[in-house]
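First the structure, in the form of structure tokens, and then the observations on it.
The values are calculated or read from the model by the stated rules, or taken from the named source; none is laboratory data. Source: prediction; values computed, not measured. Neighbour counts are summed over all protein chains in view; Cβ atoms, including those assigned to glycine, are modelled from backbone coordinates with ideal geometry. For accessibility, only protein heavy atoms count, side chains too; no ligands or nucleic acids. Shrake-Rupley method; radii C 1.70, N 1.55, O 1.52, S 1.80 Å.
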Amino acid sequence: MNILNKTAEGLATGSREYLTFRLGEEEYGIDILKVQEIRGYEPPTRIANAPEFIKGVVNLRGTIVPIVDMRLRFNCANVEYNAFTVVIILNLGRRVVGIVVDSVSDVMALAADAVRPAPDIESAIDSGCILGLGSVGERMLILLDIEKLMGNVDMGLVASEA
């Protein structure tokens, strides 16, 4: 079954597909439809005075793409760059952004009833950017509204209105 058939099936059943990735000990999920591609980590070109979590920019086939290290943004204790470190290139409508994560796990379909509201607790993530907590068996995913998270003013990636 190809991805288009799986996506159409998911829409018919009310389930959505999420790309899952790890940041430290936590596992996150983002809408697969926002993912353009996944690349190995290559050091980007640094931008002066950018926040520490913005690693710089890369030229992706003529498009300048800002690279955000989600581990630094979420204050993860251990940030190392190794063979498993990847960049997820996101297509967020008018903006293309890359996010650095520890590793990508898989694509997981979650039915609407498998997603629970996130508890209202203080964290490095704005609670408005968490869609909920998805569970499949023993796994618990923090489902992110990645478009809203990347659009936050504190990310420094706010697109100017045309």
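Go through Asp102, Asp154, Asp126 for me and flag whichever is over 20 Å from Leu33 (Cα atoms) and under 13 Å from the mean Cα position of the chain (by Cα).
Testing whether each residue is over 20 Å from Leu33 (Cα atoms) and under 13 Å from the mean Cα position of the chain (by Cα) leaves just Asp102.
Specify which of the listed residues (Ile88, Ile47) is at pLDDT below 95, open to solvent by less than 80 Å² (accessible area, probe 1.4 Å) and of a type in the set (Val, Ile, Thr).
Testing whether each residue is at pLDDT below 95, open to solvent by less than 80 Å² (accessible area, probe 1.4 Å) and of a type in the set (Val, Ile, Thr) leaves just Ile47.
For residues that are of a type in the set (A, V, I, L, M, F, W, C) and at pLDDT 75 or above, tally how many sit in the stretch 7-23.
Number of matching residues: 3.
Name the residues in the stretch 123-138 that are modelled with pLDDT of 90 or more and not aliphatic (A, V, I, L, M), would you?
Gly132, Gly134
Filter the stretch 55-81 for residues that are within 13 Å of the chain's Cα centre (by Cα) and buried (at least 20 other Cβ atoms within 10 Å of the Cβ) and give the result.
Ile67, Val68, Asp69, Met70, Arg71, Arg73, listed by residue number.
Looking at the stretch 84-114 only, could you name the residues that are part of a loop (DSSP other than H, G, I, E, B) and free of Cβ contacts under 8 Å to residues at least 24 places away in the same chain?
Residue satisfying the conditions is Phe84 alone.
Pairs only if they're at least six apart or on different chains, beta carbon under 9 angstrom, first in the stretch 20-46 and closer than 24 Å to Ala111 by Cα, second of a type in the set (S, T, N, Q) and open to solvent by less than 50 Å² (accessible area, probe 1.4 Å); list them, first residue then second.
Within 9 Å, the pairs are Phe21/Ser103; Arg22/Ser103; Glu27/Thr20; Tyr28/Thr20; Gly29/Thr20; Ile30/Thr20; Ile32/Thr7; Leu33/Thr7.
Given the structure, is Arg95 under 25 Å from Leu33 (Cα atoms) and open to solvent by 60 Å² or more (accessible area, probe 1.4 Å)?
Judged against the criteria, Arg95 is a match.
Taking the condition of being surrounded by 10 or more Cβ atoms within 10 Å (Cβ to Cβ) and over 21 Å from Arg71 (Cα atoms), how many residues in the stretch 118-139 meet it?
Here the count works out to 2.
Out of all the residues in the stretch 103-112, is one or more more than 16 Å from Thr20 (Cα to Cα), open to solvent by 30 Å² or more (accessible area, probe 1.4 Å) and of a type outside the set (Asp, Glu)?
yes
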